[in-house]
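Heads up, the thing below is written out as structure tokens.
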Amino acid sequence: MTQYRFSKDSESLQSLATEGSLLADGVVRGRTTSAFVRTHAQELASDTEKLASVVDSTHPEDGLASKTKQLASLARKAAAQLSALADHPSDASGAARIRSALSDAADAAEKLQKSA
Amino acid sequence: MTKVFQISLGVLAAIGGFVDIGDIVFNATAGATLGYQLIWAIVVGAVGIMVYSEMCGRVACVAKRPVFDVVRERLGYKVGLTTLLASQFVNAMTCAAEVGGVAIVLRYLFGLPYRPLIAVALLILLLSVWFLPFEWIERVFGFGGLLLIVFAVAAVKLDPNMSALEHGLIPHIDTPSPLIWCYFAVGVLGAAFMPYEVYFYSSGGVEDGWVPPHDLKLNKLTAIAGYGLGAVLSISIMVVAAELFVPQGIEPGFLGTVALAAQTPLGEAGLLLALLGMFFAISGAAIDTSLAGAYNMAQFFGWEWGKYRKPGGAPRFTLTWVAFFGLSFLVVISGVDPIFVTELSVVFSVVALPLTYVPILLVAGDSNYMGRHANGRLASTLGWLYLVVIVVISLAAVPLLVLTNMGEG
């Protein structure tokens, strides 16, 4: 894991988590369909899981070990939230919690990216 | 109303070039990466494809010669065959991506598993082309694709930055990565010139039975209105991506991300209209590419061709478009990502562009073929100017693909 790769992967996680949060927001406001939320949340969860596996399997450069672990853990948590959204695509109160968790994950990924 | 229906050939051909699965995601990614910086590329590409479609429609109308007929005669058998192989490869890749795209949209609409929906998509496409007359294929899928106009409504609702939008009409680089800018510029321009658009358009002119002089005006109107609408849809997608995704740092990687951009300002109605528009546009592009593949083969080898004939009246032509759909099904069911395939096909198609467009330019300017309908000064000047653009993008496409890691930096 190089500085550049770490920065790119953090950016990807921020993008996936923000998009997930936007999707959950649609559920909270009743402005979407369950079929769309289920399908798109599964796509986002799958990409986020892949990202977590890739980050987990890399050998970090000096000074990046702890941040890489944090990024992988953050990605796994975001993937779990996205899977939960896919499993309950019409649960507005659950979606509100997921929206907030994914928004926090996106902020944390952004901070990690800036710290690299 | 009749006049509106008459331009449906241009609308369907343009939808294939401007808002197929790859373009939808590519334009959104360009908007999310570079904001409004590449609006000019859509406009330049649209004017270029209008110029060349008008030319090949005119040749089809006056000389009754669709593009591949002309390619074989002007380039000779060997170079013609190379052009045929290159374009059929791109047609097949694109058709596969579109079939996968139709299944993805059905999944967003109904929430069913992806693989069975690939079979459903294939069935819808096969039955549509088999049973619908050519003019109804144009109308259903061309005008259905115009539901994507919902992105223009979404763009207005998002209250875009008009001065940035106007500035986007002038080429300028405002990014620390000029190579990424070049990659997206070449991709947006290349997508406008996808060769299957002119194969489909010129053969469609013959299918629609265009005759001079009346249909020469219709050809001009069809090219300008059809591709003009395609460009408006493309620009709208770029604008919503710039407004919504740039501030939030979202990198669109799915069709669903783009649909989300219609849902955010317009709610469930916006989402459903965007998904239905994508269904018709991507299905239309799948039909464009499969028929273009069959037209090319039939015209190159001198077979009977045309949707106006019953399937048994042009058996090899019919078998070819069915084979295109069948091959697409096999490619997509193997698990290949349709969006990745179509983005690659846009870049590889630009390599074959000069071989398609040079013969059109030469024949449209030849008064032995075209008589008094040969290219005038304006068409000729624009044609040569755009040929330079086509050659430049065809030379730059692959190096940029490699240097920018497909735009990911």
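Every number here is computed from the coordinates shown, using simple stated rules; none is lab data. In this text, all values refer to a predicted model and were calculated from it rather than measured experimentally. Positions of Cβ are generated from backbone atoms using ideal geometry, with glycine treated the same way; all protein chains shown enter the neighbour counts.
Across chain A, the relative contact order, built from alpha-carbon pairs under 8 Å that are at least six residues apart, equals 46 percent.
Computed from Cα atoms alone, the Kirkwood hydrodynamic radius reported for the protein assembly as shown is 23.4 Å. Sorted largest first, the principal axis extents computed over the alpha-carbon atoms of region B:2-403 equal 57, 47, 44 Å.
The separation of region B:236-295 from region B:27-72, counted between C-alpha centres, amounts to 20 Å. Structure remark: mean-square fluctuation, Gaussian network model of chain B, C-alpha springs under 10 Å; the largest value among B:205, B:31, B:376 belongs to B:376.
The ranking of B:369, B:183, B:196 by Cβ neighbour count inside 10 Å, starting from the fewest, reads B:369, B:183, B:196. Result for chain A in a Gaussian network model with C-alpha springs under 10 Å: among A:39, A:68, A:48, the largest mean-square fluctuation is at A:39.
For region B:304-350, which chymotrypsin sites (Phe, Trp or Tyr not before Pro) are in a loop by DSSP, counting at most 15 other Cβ atoms within 10 Å? Could the numbers behind the result be given before it?
Numbers: sites: B:305, B:308, B:317, B:321, B:324, B:325, B:329, B:340, B:348; in loops: B:305, B:308.
Here the sparse-neighbourhood loop sites are B:308.
Its Cα centre serving as origin, the protein assembly as shown has a Cβ charge dipole (Lys and Arg +1, Asp and Glu -1) of approximately 980 debye. Let me test this: with uniform point scatterers at the alpha carbons of region B:208-317, what is the Debye-based log₁₀ I(q)/I(0) at q = 0.21 1/Å? Cα-only, vacuum Debye calculation for region B:208-317: -1.15.
Only helices at least 24 Å long along their axis, Cα-based, and averaging -1.0 or more on Kyte-Doolittle count here, so list those DSSP H runs from chain B.
Membrane-span-like by this rule: B:39-62, B:67-110, B:114-131, B:214-248, B:255-301, B:315-333, B:377-403.
The phi-based Karplus calculation (6.51 cos²θ - 1.76 cosθ + 1.60; θ = phi - 60°) puts the 3J(HN,Hα) values of region A:86-103 at 5, 6, 10, x, 10, 8, 5, 6, x, 5, 5, 5, 5, 4, 5, 5, 5, 5 Hz, whole numbers, x for Gly and Pro. With neighbours defined as other Cβ atoms within 10 Å of a residue's Cβ, the residues B:287, B:180 order from fewest to most as B:180, B:287.
Entry note, chain B: relative contact order of 38 percent, from Cα contacts under 8 Å with a spacing of 6+ residues.
When the Cα positions of A:10, A:94, A:53 are compared along the charge dipole of region A:3-115, A:94 comes out farthest toward the positive end, with charges on each C-beta of Lys, Arg, Asp and Glu. Result for chain B in a Gaussian network model with C-alpha springs under 10 Å: among B:296, B:368, B:27, the largest mean-square fluctuation is at B:368. By the count of other C-beta atoms within 10 Å, a proxy for reagent exposure, B:319, B:218 are ordered fewest to most as B:319, B:218.
Using a/c under 1.5 as the rounded threshold, could you call region B:20-143 rounded, prolate or oblate? The axes a ≥ b ≥ c are square roots of the C-alpha gyration tensor eigenvalues, and prolate needs a/b larger than b/c, oblate otherwise. Please report the intermediate quantities before stating the final value.
Values: a/c = 1.84, a/b = 1.28, b/c = 1.43.
Cα axes put region B:20-143 in the oblate bin.
Based on the alpha-carbon gyration tensor of region B:77-229 and its eigenvalue square roots a ≥ b ≥ c, which shape applies: rounded if a/c is under 1.5, prolate if not and a/b is larger than b/c, or oblate? Rounded, because the longest to shortest axis ratio a/c is under 1.5. For the pair region A:28-64 / region B:365-393, the C-alpha centres are spaced 50 Å from each other.
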